[in-house]
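Chemist: There's a structure below that I have some questions on.
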Amino acid sequence: MGRDNFTSATKSALARNVHFRCVYPGCPRVTHASTPQGQNVNLGQAAHVSAAARGGPRFDNALTPEQRRAYENGAWLCANHAKLVDDDPLTFPGETIRGWQRAMEESARESVYGVPMNANFDFSEICSKLELFLKACRGVVFRVCRDPKFIQVPRECVVVMQDLIRQCPKDHWRPVHHWHSLHPITHAIQERAISAVRRIFYEITDYNKWYCDGYTYVILGAANVWSLTPAQEIARINKTAGIVCEALLEFTECIGHLNEYAAGRRHPGNIM
Ligand SMILES: [Zn+2]
């Protein structure tokens, strides 16, 4: 059985529609440039959400070859992140990857169209909703250290994260929710924050990777890392620590932005 590769038109569309940026959350990589001689440089890949061939990551037997080649089955990723999602399909299910592409397309669209001029957003309402949201996020606190041995997530923090995820299910945030900040820009930042929380939560509650003694979550086996630990064990520990650190960084960045908006130091109507 052959590979159901994307056509070059589909690849170009995937890249163009996200303004040639890797859609992996928090990845700053722009994938295209040109050499001084005018040759194309491309660090990106049209990644298959569901693999192009049997045996590949997230392969779905139920799809037809056309569906496997379809735009909807693709996401634009830098070479590193294309490799990461394919090496670890359990952490990155198809729905997640597809969601990244959609979210990035949305933000690319927004940066072209801008915020509709006639949209009449009540700024004070946005601020007050953001304040409520930020208050709910305040419990997401834990220290991240360079050494994975010392990453400890208190149980209270996990409870707060669980509640945030429960109240803000993927793609189903009701605009009437008292945290929903209404404006597309501030809401997109809220979405990013929640998605980062989701990544932390699912990572640390995976009992194959993390252990909870009733009070804190720690990486399984991290306390025993020493010079004789096999390399793959250290790699495993570093990997889960990396996912959590990266997500916490993104969460913190989002909260920083939202604080600016809530305090009135930034106005979502003026940032285009
Ligand atoms: Zn990337």
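Chemist: Which of these, 99, 242, 214, has the largest mean-square fluctuation under a Gaussian network model of the chain (Cα springs below 10 Å)?
Modeler: Highest fluctuation among the options: 214.
Chemist: Pop the C-beta distance of residue 29 and residue 70 into the FRET formula with R0 = 25 Å and round what comes out to the nearest 0.05. It would help to have the intermediate numbers written out before the result.
Modeler: Numbers: r = 25 Å, r/R0 = 0.98.
The calculated FRET efficiency here is 0.55.
Chemist: Given 0.36 nm per residue, what is the gain on full extension from residue 253 to residue 232 after removing their alpha carbon distance, in nm?
Modeler: 4.4 nm
Chemist: Under 10 Å, Cα contacts only: if you run a Gaussian network model on the chain, which one of 95, 72, 110 comes out with the highest mean-square fluctuation?
Modeler: Looking only at 95, 72, 110, the largest GNM fluctuation is found for 95.
Chemist: Pop out the Kirkwood hydrodynamic radius of the chain from its pairwise C-alpha distances, inverse of mean 1/r, in Å to one decimal. If you can, show how the numbers build up before the last one.
Modeler: Details: mean 1/r = 0.0487 Å⁻¹.
So the Kirkwood estimate lands at 20.5 Å.
Chemist: Counting only complete DSSP H runs, which helices of the chain cover 24 Å or more along their long axis at the Cα atoms and score a mean Kyte-Doolittle of 0.0 or above? Display every interim value, and only then the final one.
Modeler: Working: long enough: 94-113 (28 Å, -1.10); 184-204 (30 Å, 0.16); 231-262 (46 Å, 0.23).
In the chain, the long hydrophobic H runs are 184-204, 231-262.
Chemist: Here is a follow-up. If you project the alpha carbons of region 182-235 onto the principal axes, what extent comes out on each, in Å, largest first?
Modeler: 53, 27, 14
Chemist: Rounded to the nearest 0.05, what FRET efficiency do residue 105 and residue 37 have when you use their Cβ-Cβ distance and R0 = 35 Å? Don't skip to the end; give the middle numbers.
Modeler: Numbers: r = 32 Å, r/R0 = 0.91.
So the FRET efficiency works out to roughly 0.65.
Chemist: Give the range of the longest stretch in the chain that excludes all chymotrypsin sites (Phe, Trp or Tyr not before Pro) found in loop regions by DSSP and having at most 10 other beta-carbon atoms within 10 Å. Mind dumping the intermediate values first?
Modeler: Working: sites that count: 207, 215, 226.
Formally, the longest exposed-site-free interval is 1-206.
Chemist: If each of residue 223 and residue 146 carries a label point 7 Å out from its Cα toward its Cβ, how far apart are those two points in nm?
Modeler: The answer from the label model is 2.4 nm.
Chemist: When only alpha-carbon atoms are used, what values of Rg and Dmax, in angstrom, describe region 48-144?
Modeler: 19.1, 53
Chemist: Can you list the equivalent-ellipsoid semi-axes of region 124-270, largest first and in whole Å, using the square root of 5 times each Cα gyration tensor eigenvalue?
Modeler: Numbers: eigenvalues 221, 42, 29 Å².
Values for region 124-270, descending: 33, 14, 12 Å.
Chemist: Estimate the FRET efficiency between residue 202 and residue 138 by the formula 1/(1 + (r/R0)^6), using the beta-carbon distance for r and 30 Å for R0, to the nearest 0.05.
Modeler: Numbers: r = 21 Å, r/R0 = 0.71.
Step by step, r from the Cβ atoms, then E = 0.90.
None of the figures in this text is laboratory data; all of them are computed from the coordinates on show. Note that the structure is predicted; figures quoted are calculated from it, not measured. Cβ: placed from backbone, ideal geometry, glycine included. Neighbour counts: every protein chain shown.
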